[in-house]
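Starting off with a structure, shown below.
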Amino acid sequence: MSIFEYDHFDSPLKVGDNNPHMQKCVFCQNKLEVFSINDYWSIDLQEIYSFHQLGKSWCYEEGMDEEMWELDLSRYSCEVYFHHCNKCGWWRIIKDVTVSAKVWQLWQFSMAQQVY
């Protein structure tokens, strides 16, 4: 499962066409049913770290301290959700991985598997 990329870095609760937390079906716009499910998938912390490093220049432009940017890969949690459209049958599984920074910061990464 690879990281699901979307083109804005706002709250994951904001709805956008390619936001993995959007709760409307991408085909029929029906409201999705959301279920929390067991996590059976391993995560690649090195992939998350590499993806996170792509935004490092943004960190310095915003004046963020290095300790708030650098990930502490020993402290993370995962949640997995099944989104299902009961109108057209489309579904996706989203895994949210929250990783602590070395100091006072949490970073959330979303990985998704979608069926079209």
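Skipping prolines and chain starts, which residues have an amide H placed within reach, meaning under 5 Å, of the one on residue 101, given they are 5 or more residues away or on another chain?
It is 72, 106, 107, by chain and number.
Just need the relative contact order of segment 33-115 here, percent rounded to a whole number, with Cα pairs under 8 Å and 6+ apart. Before the final figure, lay out each step's value.
Values: 121 pairs, mean separation 24.5, N = 83.
Answer for segment 33-115 is 29 percent.
Next question, about the same structure. Subtracting the Cα-Cα distance from 0.36 nm times the residue separation, let me have the gained length for residue 98 to residue 40 in nm, one decimal.
Details: separation 58, 0.36 × 58 = 20.88 nm, distance 1.65 nm.
Here the segment from residue 98 to residue 40 would lengthen by 19.2 nm.
Next question, about the same structure. Efficiency by 1/(1 + (r/R0)^6): what FRET value for residue 27 and residue 106, r their Cβ-Cβ distance, R0 = 25 Å, to the nearest 0.05?
Values: r = 33 Å, r/R0 = 1.31.
Calculated transfer efficiency: 0.15.
Over 15 Å, how big is the tail of the calculated P(r) for segment 33-115, in percent of all Cα pairs? Write down the numbers at each step before the final one.
On the way: 2112 of 3403 pairs.
Taking all Cα-Cα pairs of segment 33-115, the fraction more than 15 Å apart is 62 percent.
All of the numbers you see were taken from the coordinates with simple rules; none came from a lab. None of these values were measured; they are calculated from a predicted model. We place every Cβ from the backbone using ideal geometry, glycine too, and count neighbours over all the protein chains shown.
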